[in-house]
1. Please report, in Å, the Rg and the Dmax of the range 141-282, where both are computed over Cα atoms only.
2. Would you please put 185-194, 34-43, 288-297, 54-63 in order of how densely packed they are, using the mean number of other Cβ atoms within 10 angstrom per residue and starting with the highest?
3. Could you order GLU181, GLU226 so the one with the most accessible surface comes first? Probe is 1.4 Å.
4. Enter the mean projected area of the convex hull around the alpha-carbon atoms of the range 194-271, in nm², rounded to one decimal.
5. Based on the Kirkwood radius over alpha-carbon pairs, what value in µm²/s does the Stokes-Einstein equation return for the translational diffusion coefficient of the range 226-278 at 4 °C and 1.567 mPa s?
6. Could you work out how far the C-alpha centroid of the range 159-193 sits from that of the range 218-273, in angstrom?
7. Using a 1.4 Å probe and counting only protein heavy atoms, arrange LEU88, LEU241, LEU219 so the residue with the most accessible area comes first.
8. How big is the C-alpha Rg of the range 137-218 next to the rule-of-thumb value 2.2 N^0.38 Å, as a ratio?
Amino acid sequence: LTPDVAERLRATATSAAPSTATAVQQLPSLTQRIVDVVPANPIHAAAEGAMLPVVVFTLMLALGIARLAPALRDPVVGFFQGLGEATLVVVGWVLAAAPIGVFALSLSVAARTGLQAAGALLYFIVVLAGILLLITLMLYVPVALFGRVPLRTFVVATLPAQLVAASSRSSLAALPAMLRETRDRLRLPAAATSFALPLAVSVLRMNVPPRFVISAAFLGQLYGVEMGLATLVTILITAVLISFSVPGIPSASLFMMAPVLVSSGLPAEGIGLLIAVDTIPDIFNTLANVTGHMASTTVIARSESAPLNSSNS
């Protein structure tokens, strides 16, 4: 961006969120961030949008609930299951209304920056897609080293699921293809295909940590917010923890990214820009996830499955 366009864009962000500049100046040090991971008051942390302390408190509370007697544990689990289902309904409403909000945010930015914003976003798309593609290719390495499956066989087995992933942008939609290929072509044991693979599809999101960090660096550069090492490390840790709860639907991680980036001093309207151009990056997101699901399942199953000979390729 040219200096005048960048100044208008950053001024808009500051006027839309007056606390942004102050929040950036008051960002804590790495030591203070580590201390703040354990919240003194989890309700206050939730009200302030401090995602990492809330996630840590939730994990500790869940471990505590797991150690309760069944008579005490089951009502609590039932309550949170109902709360989770209700939250998914609300997320559905947000997804339905999102295009209107994204259009309004994008129109506001485009009116001030013109084609320069489009060029910056195109650069972001290329960089993010390239890094996600590199991560996808790197996932073949542990399969070749530890999977006890010929690499060529694994590559062929992942293709149907990858095609579904690229067309649907949903790892859940690709699950039937993954189940079929891991069972029939890779011949993994039932424990892997019936438990490990569905579990991986439910909780494993390979794309979330790199996507959060790259998006934070991009928006920081776009809006003139300094994203130091401590901030990026905090975002990375938060992304790893949050990734286990991201649903397998298109662009789901972007909606969970918003409070994390805002708490780092970035303007909320920047998330709208990322959502507006998410179609292409989300294809590579899902490719990385699906490949990660099959790679992790293949490696986990190595102790039970017999090595395939070359004739199975």
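1. Calculated on Cα positions, Rg and Dmax stand at 17.6, 52 Å.
2. Numbers: 185-194: 18.2, 34-43: 13.1, 288-297: 26.0, 54-63: 15.1.
The peptides rank, most packed first, as 288-297, 185-194, 54-63, 34-43.
3. GLU226, GLU181
4. Working: hull surface 20.2 nm².
Here the figure is 5.1 nm², rounded to one decimal.
5. 110
6. Taking the Cα centre of the range 218-273 as reference, the centre of the range 159-193 is 29 Å away.
7. Values: LEU88 95, LEU241 50, LEU219 0 Å².
If we order LEU88, LEU241, LEU219 from most to least accessible, we get LEU88, LEU241, LEU219.
8. On the way: Rg = 13.9 Å, N = 82, 2.2 N^0.38 = 11.7 Å.
Rg over 2.2 N^0.38 Å, computed on Cα atoms: 1.18.
The values are calculated or read from the model by the stated rules, or taken from the named source; none is laboratory data. Keep in mind it's a predicted model, so treat the numbers as computed, not measured. Glycine also receives a Cβ, built like all others from the backbone with ideal geometry; neighbour counts cover every protein chain displayed. Quick note on the areas: whole protein, heavy atoms, side chains included, nothing else; ligands and nucleic acids left out. Shrake-Rupley method; radii C 1.70, N 1.55, O 1.52, S 1.80 Å.
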